[in-house]
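Report on the following structure.
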Amino acid sequence: MKHSTVRNAAKTSPRILPLASLLGAMVAAWSSPAQESRSGSGPSPDGSNTAASTLDAVLVTGSRSSTRTVKNSSTPIDVVSAQDLAATGKGSLLEALQYALPSLSQNGGYQGDQESLIRGYRLRNLSPGYTLVLVNGKRRNTSAYASSGTFAGHAWTDLALIPVSAIDHVEVLRDGASAIYGSDAIAGVINVILKSQSRGGGVSVESGQSTAGDGARTTLRANLGLPWGQDGFLDIAAEVTNQEHAIRSLAYRDGYLSYPAVDGSGNLVKLGANNTLPAGTTANPAEATRNAQAQTIYSSPAYDLKSLSLNAGRSLSDALDFYATATVSDRTAEAIQNFRLPNTVFSNNAGALSVWPDGFAPVIQTKEQEYTGTTGIKGSFGAWSLDASVTGNRDTIRTYTRDSVNYSLTYPGSPTDFYDGKVDYQQYIGNFDARRAFEVGFLDSPLDFSAGLEYQYERYARSPGQWESYYGSGASAFIGFQPADSARATRNSKAVYVGASANVTRRWFLDLAGRYEDHSDFGDVSTGRISTRFDVSDSFGVRATVSNGFHAPSLAAQYYQVTSNSPTASYLTASVNSAAARALGAVPLQPEKANNYSVGFTYDPNQGFHAAVDFYQIDVRDQLGASSYVGYNAANPDAVTDYSGAVLTADQKAAIDALLANAGVTIPDGQAYFVKYFTNIGDTRTRGVELTLEASQDTRWGRFRYNYAINASRTEITKVAQVPQALQALPNLSLLTQSTEYSLRYGSPAYTQVAGIGWNRGALGLNLNFQYFGPLRQLSNGYKYQIDPRLLTSISGSYDVGGGWSVGLGVDNLFNEKTRFQPDQALTASSLAAWQEVYNTADRVSTVGAYWYGRISFAF
């Protein structure tokens, strides 16, 4: 095998040169002040050559009474415009944001099962569940899906379902804000601000594919602004995207057998260890026609997405306004699973070879519908500004296993497609805000006071699939939900919050916030925040924030239960409230709590340059995770083993039998049975630094814009929860395995940098962008190694044809960087026997490689 994963750092240092050159250009721009306002913009309707800056945009995120901008904010906030999003050429909001912000990254590399279709994202290297998403300042729901992977039990908002065509800009607060917004805002807040046009609009068609000729994606986006009455608006946006698979195969080694062997009588015989020929057999003649590229699990997912949004508002009187927002999204997505060799089919059920004589690659398919909506009124009543709203959100996911088989079904005509079940999450929120400014004699500015009440009601349900999807060993690849896994649950919470901010002196700004919430299932939580800024001079400022926050255990986590079966083993992830989990020491889930500390500095010597550096520490207590599997494998009567493969003594086996008996479970002879559940596993501490630089420069050759940002962070495990008393007599159990620890600590690169150069002159605009991912530590098969830094380069351009028309062209990942392969030491013996090379699934670079796209836009 060829491997380039482990490198000496000195060999990769030249890759920093493009970013270093850009920094030099930014310094040059700083020394040459801009000749025109930073709020100017280029001509392209799709925005790919815009010169607009958002540094002076008034923020609505991070303080309920804020009228501050990015430059003078007391907390670090990024503003990404609609033009910036479109210029990336990415297929979704999530992909576009992580392209622009080094502090935001998708969950690392390849994700299995549904997690490859409902992608998570990490702000400041923390769980996706710790980032709150708002739309126009109102809470958007998390997905009905709850992870069973690295961030077990966490659910997150699916940013890919928000149509980019509806977005005016996105504000990303990189700091804790639970005291303002409640649960989930431990790492920060993403606030999507929708367009609010009363006239005009635009249409664009974008299409492209990988340079390998697959993975084609076509997106149609449209936006229309209409007047509503004399001063109102109706802004309607729609988006349709079709994404095809980019097929990336693994190659079987020469001589690795795929089909069952043939004995002397012509009968089929199961292959031996690592698919070798048993004694007295010969290779199946079908080996001559086997597909050595049949393993396509690491191909990119395919999906069809349709979404529609509405943003509306109008005056009801001189003092009262009405507003409403709504989005509807429908997505069908597919992810290819591991290829089942003909020998595997034969070994599990010889009759299934009549259905899949050459093996099969099952596909997990999800059909998801999401509906969100907010309506409210706001206005002035005397000196008070009031805002009352109601929000309703719902996400429903139906899962299917396609092109598969249930080995436990032997009757003719048994299904190859299975309906696996449904999860459904509903959220309803009522909110009332009141704000007023008070003149206070000793303050340099009026005191902005805010207070409010909030009520939230949640409902979660899991429904079983068709009986063939879970009967016996279940559908191969994704076993359907059983009736025993069904769940229906509700809860409500009530909150009250207050905030106050003012300039204590001309240069000293202070912002205070507090919140109290009471949840019907786990009790009350109080949070607070102090944020301040001191402008040492007109160009240099110091800012700092101290806060605490929390993440409520979702209903999906509290009632998550999935049963998986094979012909010889059963695996149960039991609901934490179930008899099986309680018998193994489970206790009700507690909210995860955090303390956030940050201090930063900003420097704005002129209109053409902005710099900010922020240091942060985030301590998370009672992090959610999964327990160890408890149970044993009795398939070999001479050596009963636990989940880790260690041999159990008779006393240890008896102890497990006694524990499971308390839950009414008996492990049959010759079978294996293992149980785990979600629980609070321990505490973490994340420390990091972020640097942001932005500059612009007007020359006789046109306008140049430069940006550079870096996030570097490190996570440590500060405490591991004790194994429950009921399990402490058992061996090889821990709430934090070494593999889980690596995922928590090193799930994101040690640092991530983004940089860009933009130029526009007249109708023409060009952009050159870089992403530089730092080293990524890995643990696989007990072997520790490092994925070396990666540099991705993208280039795009646009031209204003006139009459509202414009065209754009770009190449993402210009130099065709792809996922690297794992070193031999990280592979199991079976993988080494089977594959020529195996993709490193944690690599930040996808398997797709270079991708080109073109865009035609019309604005009116």
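The values are calculated or read from the model by the stated rules, or taken from the named source; none is laboratory data. A quick note: this is a predicted structure, and the numbers were derived from the prediction, not measured. Neighbour counts run over all protein chains shown; Cβ positions are idealised from the backbone, glycine included. Keep in mind that these areas ignore ligands, DNA and RNA; they rest on the heavy atoms of the full protein, side chains included. Shrake-Rupley method; radii C 1.70, N 1.55, O 1.52, S 1.80 Å.
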Response to the item:
Of (1) closer than 28 Å to Ser147 by Cβ; (2) of a type in the set (A, V, I, L, M); (3) buried (at least 18 other Cβ atoms within 10 Å of the Cβ), Ala726 satisfies every one except (3)
Worksheet item: For residues in region 824-844 being surrounded by 20 or more Cβ atoms within 10 Å (Cβ to Cβ) and in a loop (DSSP other than H, G, I, E, B), which is farthest from the chain's Cα centre (by Cα)?
Response: Leu827
Practice prompt. Please specify each residue of region 139-159 satisfying the condition of being surrounded by fewer than 24 Cβ atoms within 10 Å (Cβ to Cβ) and among the β-branched types (Val, Ile, Thr).
Written response: Thr150
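Here is a yes/no grid of residues against (1) more than 28 Å from Arg777 (Cα to Cα); (2) free of Cβ contacts under 8 Å to residues at least 12 places away in the same chain; (3) open to solvent by 20 Å² or more (accessible area, probe 1.4 Å); (4) assigned to a strand (DSSP E or B):
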residue: Tyr677; (1), (2), (3), (4): no, no, no, yes
residue: Asn680; (1), (2), (3), (4): no, no, yes, yes
residue: Arg703; (1), (2), (3), (4): yes, no, no, yes
residue: Lys719; (1), (2), (3), (4): no, no, yes, yes
residue: Tyr742; (1), (2), (3), (4): no, no, yes, no
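From Pro588, Pro668, which residue is more than 30 Å from Thr699 (Cβ to Cβ), of a type outside the set (A, V, I, L, M, F, W, C), part of a loop (DSSP other than H, G, I, E, B) and under 36 Å from the mean Cα position of the chain (by Cα)? Step through it out loud before you land on a result.
Values: Pro668 fails: under 36 Å from the mean Cα position of the chain (by Cα).
Step by step, each of Pro588, Pro668 is checked, and only Pro588 is more than 30 Å from Thr699 (Cβ to Cβ), of a type outside the set (A, V, I, L, M, F, W, C), part of a loop (DSSP other than H, G, I, E, B) and under 36 Å from the mean Cα position of the chain (by Cα).
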Item to complete: For region 620-638, indicate whether the set of residues that are over 25 Å from Gln561 (Cβ atoms), touching a Ser or Thr at 6+ places or on another chain (Cβ under 8 Å) and not small (Gly, Ala, Ser) is non-empty.
Response: yes
Worksheet item: Within region 212-223, is even one residue touching a residue at least 40 places away in the same chain (Cβ under 8 Å), touching a helix residue (DSSP H, G or I) at 6+ places or on another chain (Cβ under 6 Å) and polar (S, T, N, Q)?
Response: yes
Discussion item. Report every pair of residues separated by at least 6 positions or lying on different chains whose Cβ atoms are under 6 Å apart, first residue within region 586-599 and closer than 30 Å to Ala612 by Cβ and touching a residue at least 40 places away in the same chain (Cβ under 8 Å), second outside any strand (DSSP E or B) and open to solvent by less than 10 Å² (accessible area, probe 1.4 Å).
Written reply: Ala594/Ile186; Asn596/Gly176; Ser598/Asp175
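If you scan region 661-674, which residues turn out to be at pLDDT below 85 and open to solvent by less than 60 Å² (accessible area, probe 1.4 Å)?
From region 661-674, those at pLDDT below 85 are 662-671; that's our starting set.
If the condition is that a residue be at pLDDT below 85 and open to solvent by less than 60 Å² (accessible area, probe 1.4 Å), then Ala663, Val665, Ile667, Gly670, Gln671 are the ones that fit.
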Fill in: Flag if Ala639 is outside any strand (DSSP E or B) and open to solvent by less than 40 Å² (accessible area, probe 1.4 Å)
yes
Discussion item. Yes or no: region 403-410 includes at least one residue that is surrounded by fewer than 23 Cβ atoms within 10 Å (Cβ to Cβ), in a strand (DSSP E or B) and touching a residue at least 24 places away in the same chain (Cβ under 8 Å).
Written reply: no
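Residues in region 74-92: is at least one more than 25 Å from Gly541 (Cβ to Cβ), out of contact with any Gly (no Cβ under 9 Å at 6 or more places or on another chain) and at pLDDT 80 or above? If you could, list the steps in order and put the result at the bottom.
Of region 74-92, the ones more than 25 Å from Gly541 (Cβ to Cβ) are 82-83, 85-92.
Narrowing further to those that are out of contact with any Gly (no Cβ under 9 Å at 6 or more places or on another chain): 90-92.
From the residues that got through so far, the ones that are at pLDDT 80 or above too are 90, 92.
For region 74-92, residues more than 25 Å from Gly541 (Cβ to Cβ), out of contact with any Gly (no Cβ under 9 Å at 6 or more places or on another chain) and at pLDDT 80 or above: present.
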Practice prompt. Just name the residue that is nearest to Asn711 (Cα to Cα) out of those in region 607-633 that are acidic (Asp, Glu) and at pLDDT 95 or above.
Written response: Asp614
Fill in: Cβ-Cβ under 8 Å pairs, at least 6 apart or on other chains, region 517-541 side without any contact (Cβ under 8 Å) to a residue 40 or more places away in the chain and of a type in the set (D, E, K, R), far side in a strand (DSSP E or B) and open to solvent by 70 Å² or more (accessible area, probe 1.4 Å)
Asp518/Lys494; Asp518/Asp524; Asp524/Tyr516
